[in-house]
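Comments concern the structure below.
Read the figures in this text as sums done on the coordinates, not as results from a lab. All values derive from a computational prediction rather than experimental measurement. Every residue, glycine as well, gets a Cβ built from its backbone with ideal geometry; the counts of neighbours run over all protein chains shown.
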Amino acid sequence: MTNFIENLAQSIPSWGAKLAYGDKTTLDGHELVPVAVVIFGFGGGEGSGEKLESSGDLPPGKGEGRGGGGGGYTVPVGAYVGGPDGPTFRPNIIALIAVSIPAISAAGWAISRIVAARR
């Protein structure tokens, strides 16, 4: 188990847009490097050798356990496009708007609370 955790910890820095969208590519003579927000999480499990009183569906002497899992998602926020003046960032406007909606909603809620408190 320790080797798995060490290997996972060593591989995490290489995760990102490259994992989701691949290496940089060349399109019409311009080098494209994808940029993404990558979010992931993992869960664990636990168990015991004793039956809990609240569950009557297990036979006597059998233990209980609960599992875990993991998941993640990526949001393509844009790409660096190579040009004669060097790489420039080209945003993915739709993804940036979708990602900013929660922040804008929270800011609007906070401002309305502040205004209401000052009255």
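Residues whose amide H falls under 5 Å from that of Asn92, counting only those 5 or more places apart or on a different chain, are Gly78, Ala79, with hydrogens built in the peptide plane. Taking the fewest neighbouring Cβ atoms within 10 Å as the starting point, the ordered list for Arg119, Arg66 is Arg119, Arg66.
Each peptide in 75-81, 106-112 receives the mean, over its residues, of other Cβ atoms within 10 Å, and ordering these scores from highest gives 75-81, 106-112. Near the amide H of Ala36, within less than 5 Å, lie the amide hydrogens of Ala17, Val77, all on another chain or at least 5 residues away, with H placed in the peptide plane.
What the phi angles of region 30-43 give under the Karplus curve with 6.51, -1.76 and 1.60, with θ = phi - 60°, is a coupling list of 10, 7, 10, 10, x, 10, 8, 8, 10, 10, 8, x, 10, x Hz, glycine and proline written as x.
Whole-Hz Karplus values for region 23-29 come out as 6, 4, 10, 10, 9, 6, x Hz, taken residue by residue from phi with 6.51 cos²θ - 1.76 cosθ + 1.60 and θ = phi - 60°; glycine and proline positions read x.
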